[in-house]
1. Using helices alone, I'd like the mean residue ellipticity at 222 nm for chain C: each DSSP H run of four-plus residues gives -39500 (n - 2.57), total over residue count, nearest 500.
2. Could you work out the equivalent-ellipsoid semi-axes for the range D:219-323, taking the square root of 5 times each eigenvalue of the Cα gyration tensor, largest first, in whole Å?
3. Evaluate Rg over Rh across chain D, taking Cα atoms for both radii and Kirkwood's formula for Rh.
4. In whole Å, what three semi-axes, largest first, describe the equivalent ellipsoid of the range C:120-228 built from its Cα gyration tensor (square root of 5 times each eigenvalue)?
5. Under a plain spin-label model, where a point goes 7 Å from the Cα along Cα-to-Cβ, how far apart in nm are A:SER164 and C:LEU187?
6. Using 1/(1 + (r/R0)^6) with R0 = 60 angstrom and r between the beta carbons of D:LYS171 and B:ARG383, what's the FRET efficiency to the nearest 0.05?
7. Using only helices, what value at 222 nm comes out for chain B when you add -39,500 (n - 2.57) per DSSP H run of length 4 or more and divide by the total residues, to the nearest 500 deg cm²/dmol?
8. At 1.4 Å probe size, with every protein chain present, just tell me what the per residue accessible area of chain D comes to in Å².
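The values are calculated or read from the model by the stated rules, or taken from the named source; none is laboratory data. These numbers were taken from a predicted model, which means no experiment stands behind them. Quick reminder, even Gly has a Cβ in these numbers, built from the backbone with ideal geometry, and neighbours come from all protein chains shown. Accessible surface is based on the protein model in full, side chains and every heavy atom, while ligands, DNA and RNA are left aside. Shrake-Rupley method; radii C 1.70, N 1.55, O 1.52, S 1.80 Å.
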Amino acid sequence: MSEAAVALPRPAGARVLTWLQNYGVYAAIGVLIVVNIGITPHFLSMENLRTQLVQVAPIVIVSLGMALVIGTEGVDLSVGSVMALATALLPLYLGYGVGPAILVALLGGVAVGLVNGSLVAFVRVQPIVATLALFVGGRGLALVLAGGQLKDVHNAALLDLGSSSVVGVPLPVVVAGALTLLVAGVVRRTTFGRQLVAIGGNRTASVLSGLPVRRVLLLVYVLSGLLAAVAGVLATARLQASDPSSLGLLMELSAITAVVVGGTPLTGGRVRVLGTVAGALLIQLVRATLIKHDLPDSVAQMVQAVIILAAVYAARGGAGR
Amino acid sequence: MTVTKPEDRRPPHDDAPVLEARDIVKRFTGVLALDHVSLSLRPGEVHALVGENGAGKSTLIKVITGVHRPDEGSVLLAGRPAGFAGPLDAQRAGVQAVHQEIGLVPDLSIARNLLLGREPRRALGLIDSRRMHETAARTLTSYGVRVDVRLPLRSLGVGAQQMVALARAVSVDARVVIMDEPTSSLEPREVDTLFGVIDRLRDQGIAVLYVSHRLDELYRICDGVTVLRDGRVVHQGALADLDRLRLVSLMLGRDVAKVRAEGVTRFSGAHEVSGEPVLEAHGLSSRYLLDDVSLTVRSGEVVGLGGLLGAGRTETAKAIAGALPLDAGRVTVAGLSVRRGSAGAAVRAGIALLPEDRKAEGIVPTLSVRDNIALAALPRLARAGVVSDARIDRIVDTFMKRLRIKATGPHQPVAELSGGNQQKVLLARWLATEPKVLLLDEPTRGIDVGAKAEVQALVDELAETGLGVLLISSDLEELVEGSDRVVVLKDGAVVGELTGDELTEEGVMTTIAQGVS
Amino acid sequence: MTTEQAAADAPVIHDTYRPSGRDRAFGLIQRHGATAVLALLLAVGSLAFDRFPTGENLGDIAITSTFPAMVALGMTFVIITGGIDLSVGSVFALGGVLAAYAVRWGTPAALLVPLVVCGTIGLVQGLLIARVRLAPFIVTLAGLLGARGLLLSISHEGATTYLIPHGSALARLGQGRLLGLGYPVYLTLALFVVGAVLLQRTGFGQAVYAIGGAEDAAALMGVRVTRTKIIVYALSGTLAGLSGALNAARLSSGVTILGTGMELDVIAAVVIGGTLLTGGAGSVSGTIAGVLLLGVIQNLINQIGDLSSSYQQVVSGAFLAVVVVAQTYLSRARRM
Amino acid sequence: KSEKDQSAGAQSGQQPQQVVQTPSGNAPSCTIGRFGGTKFDLKTSVVGFSQSEKEANPFRIAETQSIKAEAKQQGITGLRATNGQSQFSKQISDVQQLIAQGAKALVIAPLNSDGWEPVLQQASAKHIPIITVDRKINATACKDYVTFIGSDFYQQGKRAADQMIKALNGKGKVAILLGSSGNNVTTDRTNGFKDEIAKQAPGIQITFQQTGDFAREKGQQVTEQMIQSHPDVNAIYAENDEMALGAVTALKGAGKKAGDIKIVSVDGTRNAVAQIVSGWIYAVVESNPRFGPLAFQTLSKFVNGEPIPDKVIISDREYDSSNARQSLATAY
Ligand SMILES: Nc1ncnc2c1ncn2[C@@H]1O[C@H](COP(=O)(O)OP(=O)(O)OP(=O)(O)O)[C@@H](O)[C@H]1O
Ligand SMILES: Nc1ncnc2c1ncn2[C@@H]1O[C@H](COP(=O)(O)OP(=O)(O)OP(=O)(O)O)[C@@H](O)[C@H]1O
Ligand SMILES: [Mg+2]
Ligand SMILES: [Mg+2]
């Protein structure tokens, strides 16, 4: 053995390939945007950009939490129900003001996260079934709280959350952006972030290395619940109504897809925050394209299937689940 | 057990080669793992394949058995291009391999692992599980492994798993058997068993390709040798023509004089023992596994843990590190007692465990070398939960240099490193936590002679700085030379303790043989 | 094998580990945790509701559970290989619509067409997963969308429901009864027996376990990883299609709105049955218990009677949590 | 028939009862004898009610409430209610379970019109009368089941089209927010609307139709996309009120003014009627969910041996700017 840490150069071709594998989702978005500019009327407009970003904001926020969970080799099916719970809680406490109402809604998300996290971390139930319980029960609870009713929201301050802008950028988008940066920072720069990917990569090794495995797992599910609740609050403000029966339906599938298309393997051990955002954007663009072109549901579903496959094929990084 | 002595070994058959690798080139992204490597095996020949960690030995084996496709070159079986599409193809053609990282399925039962793909059948081609268990039990007993074969493989220690893998490879009609570091976690006695098997294979005209970092083993059984360095063949010929020093110098690419000057084991001998017990374990007990084990390690002392496979050494280490649920027992570090059953508490108290099963319990395959090294030390490298990249880089750089970790850089995924280098990464992970006690479970397992010496020197050096070291090694020489004192375990209980003059290889063996728990 | 004698006189270093009676009992519960919970639930149900343990009610539970059970059988194989199949709900619905569509060409066609089409969907998914090495979750999510799209286009965006004529052989197959149980129940039982034999007693089954336990190691041991995976997904698609077709026969029509969310129920049933989502461990008998558990929970909630639909959801969520926790604890009763 | 009369009649009660449309199906001819059963006392029997979807939208809430309230009023103590939670398989097994629990009569709000074979077989073997409410079952009345009480969804679509024609003066571009795919209601409301438009107003083009899944959020999102890609759309036909309200939110968000884009929807929930008052929605065709009284009335008659018709089509009201304000209090 001659020198230490021998640095071997990587050939350029390999680098392009790696880039494509890691960033295929960006390429897919690019292609979709170019195609849309070509075929969709009024695609290149501020209003359109605004619409897409505003619609994607809740998906992004939920996906961020989901990415963390998936990083630990888990999954959180309850996110849609958490959104429902948050939206159901809001009007109940609006009487005390917007602040307290939002706080309660977010606490609802935290509570769900605590239950999920405890089941996964302490009881060691498999995440998919642990979170399935609240996937089923959470929405029921939301409906019970709301008395089964959709309620219109008239609180101006709350509605502002959905409609006001900061220097021209809609508030939900600002929130989603800020949370993205925050989560990216957490993953990259904090002990917690490093530990969560290690746990996803090899739980036994993490235990033996003295990581606070259970605490980290608990926190991860709490964060996922919290972020889903944030998304629920924003969605409520935008809908101008609290609709626990349908808010966040199928959100878990969208979020998981966004995360996986963004390059985070379901086998855990890695989290790609920006990729996740890109994955969410891709989903949104696909949906928007299909709606704008008024394709019948049958065709739309099949096209969506093909595009998802094409996107992961381009981003073919993980052979894992 | 009789082991063939070199003198009564028959000369290699001079028939045509049964297996030949010609001009093999294999590249991985950024690494030229094999650079025009050729090798041929004759029937009845036991051929050694040696080289330092990352030299390309495992890669060559994987190319030969069809796991990897070579970028250039070809593999010939009995003179005809083999072109194995995969391991199954190779096995069909009679090329069996025992891979370095065991390569069995932990959750499958022992019997199923052993007989996967050739289970005894009944009518309709259905598997006859009764016969399967019988066959498995019989086969394994003949390798000295007597266990309930219906248990999952996971319940065996690494050594026993290694024996299962061996038995699996050998119990098929094979023309070539390839063994990648089969003895790295075997006891002297199992090694003897294995060598008996290899002798049989030789008598039957089966060719064996044998990879090991334990040089004395090579001299005991191998006829020919191929030395790899950085993916190139640097020497090929009869092993008898090479002396040990020359072999080492070829592997390391350093001249003989330098190697001689440095010696083969690097242990310096006795240490300055301060007398302050840094680690005390009292009455560790766990059903079936440990029975009232107590031991003390003083600051600056290296305590060896001796015993046969399954004696409970790994369990003892894990119990101390809080990773094994205990029925009774207490562990203190520097006088402070450590919360039982919590690995986190143990790490915070200054206990570091280098686990035996590197793949399952050590590396985090999705992370880079850097992140793997920093993992356990993160809390120390962070302020208010935010890590400092600069501090991590500094530590990682230090240890990559100090342990000579061979990687394209700190950001290479650790899964791409050779086995030995992964081991060094793990060692670095623990050293970065600045532990008070180091529990090393087979620390030199799969490590090349050069690195082994470095690790041994490091153990010495660490002990000198006041660290307490608990050393578990199946390599008796290493155990005896490296330790100030050896505690001998048998069936999960302490049966003896050897110090000073009693501390010899024979002494350890006798204690094991006579010990009653 | 001659090498065996070579080492016959080797020293014995491992003592045979003989499990005690208590350990064996624990082991049994561990492997059949879901069954234990099921038995408990049945007992509680029988004590609490006198309308619960009637033959008619239990027969209803059996026939209701039959169709998800058939789908869960395929899912069990998939999950043991460490994969997942989200497409089953859509494929189930598609199978039904295809059967009702194809019944115009006779009963054999009505069974064959869904089997072939759904099997092909599974096969294609398997190819994408095993050969192209795309993530199963994504591939089968695309399958979920694709199969639903196909169903909608066959049924004119869901506007047309194809009917299976009264008294046709297909309808009789779906609706006939023997000893109070529908024919499909017997078929499902037979399929489970075949499935269990396949999994425990054939090389294919061993390959399924080995792949889920450690794919790389399995490949090194000579298991045909690609082929096995493809078969497993094709099997799952075929079973979902068959289940859909039989269900359509029972309902006498190719109902288009079936199967949404079924994948989660089925996955839950399999996992509750003790199959690890990470692969490598699981059993077909556990899956039956898992499916029945979900069926019984549903039935018990209805027995309670006047619960609002929102409360029903809360209760079934809570039930699920309790069952899962109980099953997890039981499974860990024996520590190694 | 005249709308005025109906609305006037309906306003008399706080909760407008369903009004039977006349003529409604054939003359009453189905008796319990013809059905094969025998008379029994409803009050002391177990009566099963199977709801199809969660009581999480105004229609279902009102429907279930009305059934339960009426049962109480009539002194029927043995009412057992189940909910299919939008899963058809579950609804089938719910009803089978009701039968197993000894239900003597069944009121079913089917999730789907087809696929009731196993239930019908089991029920007819025991001569259990079934009344379906709000959606039909495709089977033979007075044989497989007794009768159907509900609206004519096709007719609702047609009436929505009539309103749309009025709103657009027979010319314009219309977008449809469809209900869930594969749903009978969606199909009927779409076909009724399209047929009527094609027949009465060739000047109206349907340029866009996407599913909004009967949900407000989806209606909002689809409308947001639509107003950018199809800025020339003048009107929206929403197949339920929730989607219409989502569309209103979307239009407000896009800076449109009330009345810029005409919206016609079906259901008649209070929120939607209120939006007529504020000018955002042009008209709403009612789909009255209060089935309780009519259902139990019919059932009582039937079990007492009186003849009943093979279907009871109720006449739905319509709300537009002329009556919205007055009707607000009575909308559900
Ligand atoms: N899958 C892979 N991807 C990238 N590089 C790899 C891969 N497998 C091996 N390598 C690289 O190829 C080189 C040879 O590795 P190999 O495992 O053959 O070494 P070895 O001689 O068996 O070492 P050891 O004695 O430590 O087992 C190393 O530099 C290793 O990092
Ligand atoms: N209850 C038990 N069930 C199954 N196996 C048992 C049990 N108790 C002890 N064993 C045996 O003991 C062994 C566990 O010890 P292990 O081999 O890890 O010890 P060790 O002394 O560290 O040996 P080495 O590290 O050399 O492998 C297993 O191989 C297993 O066969
Ligand atoms: Mg190697
Ligand atoms: Mg050990």
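1. Using -39500 (n - 2.57) per qualifying helix, the result is -24000 deg cm²/dmol.
2. Semi-axes from the Cα gyration tensor: 38, 13, 10 Å.
3. My calculation puts Rg/Rh at 1.00.
4. The three semi-axes for the range C:120-228 are 34, 25, 9 Å.
5. 6.2 nm
6. 0.25
7. It comes out at -9500 deg cm²/dmol, rounded to the nearest 500.
8. Per-residue value: 34 Å².
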